[in-house]
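Working notes for the structure below.
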Amino acid sequence: MGEVLKTYQFEAREKTNLMKPIIFCNLSKKQEVNAVSVNIPLAKELQKQGSAMMRTMRLENNLLDVIGNLGENPLIKDIDVLFNPAYQTDVLKSLINVCRKKQFRVIWPGRYKDGRLYYAEEGYRDYKVYEIANYDVTVVI
C-alpha cells in the first residue's frame, strides 16, 4: 500500500490530489526553510481539551484545524507532540485521516530504514516503528 520513492522519482511524478500524506525523510536545510512548525499551535489546541483521553479523541480534529489555517498543500514539520505516549494513537493513521480532508506534506521527525519509519530511539516510551507497506503514504527518501 505505501510506497517509497527517491527524490528524483518523486519530482518526476504528479504531486497534487494524492489525498495521502507525502512524508519527506531527507530534505535539505534549503528546502526545509518553507516548512511550517505545527508543534506549538497543535500543543496549544490539545491543551484546551483537558484530559489525555479527550486529547486523543480530538487529536485529528485539532491537527486538521491547525493545518487548515496554512493555505494550500503546506509543508509541515515539528509534529513531535503527536507522539506523546499518553495519546495512544497511531500517528501515521492520524496523518492519513487528516490528509483525506486537507492535503499537506510533512517532514518526518525521525529516520527511515529498510521500508520502515522510526520515531525516537529504542528504549524510550515514545519509540515507534511504522512498516510503510501497511499504510497509504508516500515516503520520499
**Item:** Failed item, numbered, when GLY50 is tested on (1) on the phi > 0 side of the Ramachandran plot; (2) under 14 Å from the mean Cα position of the chain (by Cα)
**Value:** (2)
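For the stretch 113-128, check the following and say yes or no: at least one residue is of a type outside the set (Asp, Glu), in contact (Cβ under 8 Å) with a residue 60 or more places away in the chain and in contact with a helix residue (DSSP H, G or I) (Cβ under 7 Å, 6 or more places away or on another chain). Explain how you work it out, then say what you get.
Of all residues in the stretch 113-128, those of a type outside the set (Asp, Glu) come to 113, 115-120, 123-125, 127-128.
Subset that is in contact (Cβ under 8 Å) with a residue 60 or more places away in the chain: 115, 117.
With the extra rule that they be in contact with a helix residue (DSSP H, G or I) (Cβ under 7 Å, 6 or more places away or on another chain), the set shrinks to 115, 117.
Yes, the stretch 113-128 has at least one match.
I'd like to know if the stretch 92-103 contains one or more residues that are hydrophobic (A, V, I, L, M, F, W, C) and closer than 21 Å to SER28 by Cβ. Spell out how you get there, then give the answer.
Applying the first criterion (hydrophobic (A, V, I, L, M, F, W, C)) to the stretch 92-103 yields 92, 95-96, 98-99.
Remaining after also requiring closer than 21 Å to SER28 by Cβ: none.
No, that holds for no residue.
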**Asked** When SER94 is evaluated against the numbered criteria (1) surrounded by fewer than 16 Cβ atoms within 10 Å (Cβ to Cβ); (2) of a type outside the set (Lys, Arg); (3) in contact (Cβ under 8 Å) with a residue 12 or more places away in the chain, which criterion, by number, is the only one it fails?
**Response** (1)
**Item:** Selection count where residues are buried (at least 18 other Cβ atoms within 10 Å of the Cβ) and within 18 Å of VAL33 (Cα to Cα), scope the stretch 58-74
**Value:** 2
**Request:** Determine the pairs where a residue that is without any contact (Cβ under 8 Å) to a residue 40 or more places away in the chain, located within the stretch 29-49, has a partner that is crowded, with 16+ Cβ neighbours inside 10 Å with Cβ atoms under 6 Å apart, the partner being 6 or more residues away or on another chain.
**Result:** PRO41/VAL66; ALA43/VAL81; GLU45/ASN62; LEU46/ARG55; LEU46/ASN62; GLN49/ARG55; GLN49/ARG58
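Hey, among LYS48, LYS77, which residue is among the charged types (D, E, K, R) and surrounded by fewer than 18 Cβ atoms within 10 Å (Cβ to Cβ)?
LYS48
Based on this model, can you work out whether ASP90 counts as more than 17 Å from ASP65 (Cα to Cα) and of a type in the set (Asp, Glu)?
Details: more than 17 Å from ASP65 (Cα to Cα): yes; of a type in the set (Asp, Glu): yes.
Judged against the criteria, ASP90 is a match.
Which of the residues spanning the stretch 66-89 are touching a Phe, Trp or Tyr at 6+ places or on another chain (Cβ under 8 Å) and either touching a residue at least 40 places away in the same chain (Cβ under 8 Å) or over 16 Å from PRO21 (Cα atoms) (or both)? Explain how you work it out, then say what you get.
Our first condition is that a residue be touching a Phe, Trp or Tyr at 6+ places or on another chain (Cβ under 8 Å); within the stretch 66-89, this holds for 67, 70, 73-76, 83.
Result: ASN73, LEU75, ILE76, PHE83.
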**Request:** Select, from GLY50, GLY2, GLY68, the only residue that is of a type outside the set (Lys, Arg) and in contact with a helix residue (DSSP H, G or I) (Cβ under 9 Å, 6 or more places away or on another chain).
**Result:** GLY2
**Message:** Need the failing condition index for GLU121 against (1) over 13 Å from the mean Cα position of the chain (by Cα); (2) crowded, with 19+ Cβ neighbours inside 10 Å, just the number.
**Reply:** (2)
**Item:** Residue tally, condition farther than 19 Å from ASN39 by Cβ and of a type outside the set (Lys, Arg), over the stretch 98-120
**Value:** 4
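Values quoted throughout were computed directly from the atomic coordinates according to the rules given, and no laboratory measurement underlies them. Computed from a predicted model, the values in this text were never measured in an experiment. Counting neighbours? That spans all protein chains shown, and the Cβs are built from the backbone with ideal geometry, glycine included.
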